[in-house]
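The values are calculated or read from the model by the stated rules, or taken from the named source; none is laboratory data. All values derive from a computational prediction rather than experimental measurement. Positions of Cβ are backbone-derived with ideal geometry, glycine not excepted, and every protein chain shown enters the neighbour counts.
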Amino acid sequence: MEGLIDRKIKNKKLEMYKKAELYGFTDKRTVHCSQELDILLNKQLGLQKKTGDLSLV
């Protein structure tokens, strides 16, 4: 079952890919979106550590 954090990560990845296509990989809008994705991924990793589910790590 896909959780909320998983959906947020999926959506943020799509957003980042679109920005990279439009503006390039080094544009500040793409980089900012990438940083937001990093935060979500770190939150997901923290949740996995709490629950002991490190199968995706």
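Laid out as a table, the results:
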{"quantity": "Within segment 5-57, tally of residues that are surrounded by fewer than 11 Cβ atoms within 10 Å (Cβ to Cβ) and either touching a residue at least 24 places away in the same chain (Cβ under 8 Å) or of a type in the set (Lys, Arg) (or both)", "calculated": "3"}
{"quantity": "Any hit, segment 10-21, residues being in contact with a helix residue (DSSP H, G or I) (Cβ under 7 Å, 6 or more places away or on another chain), aromatic (Phe, Trp, Tyr) and assigned to a helix (DSSP H, G or I)", "calculated": "no"}
{"quantity": "Filter result (touching a Lys or Arg at 6+ places or on another chain (Cβ under 7 Å) and not aliphatic (A, V, I, L, M)) within segment 29-54", "calculated": "Arg29, Thr30, Cys33, Glu36"}
{"quantity": "Residue count, segment 21-57 (criterion: modelled with pLDDT of 95 or more, more than 14 Å from Lys8 (Cα to Cα) and not basic (Lys, Arg))", "calculated": "10"}
{"quantity": "Set Thr26, Thr30: member being in a loop (DSSP other than H, G, I, E, B) and more than 11 Å from the chain's Cα centre (by Cα)", "calculated": "Thr26"}
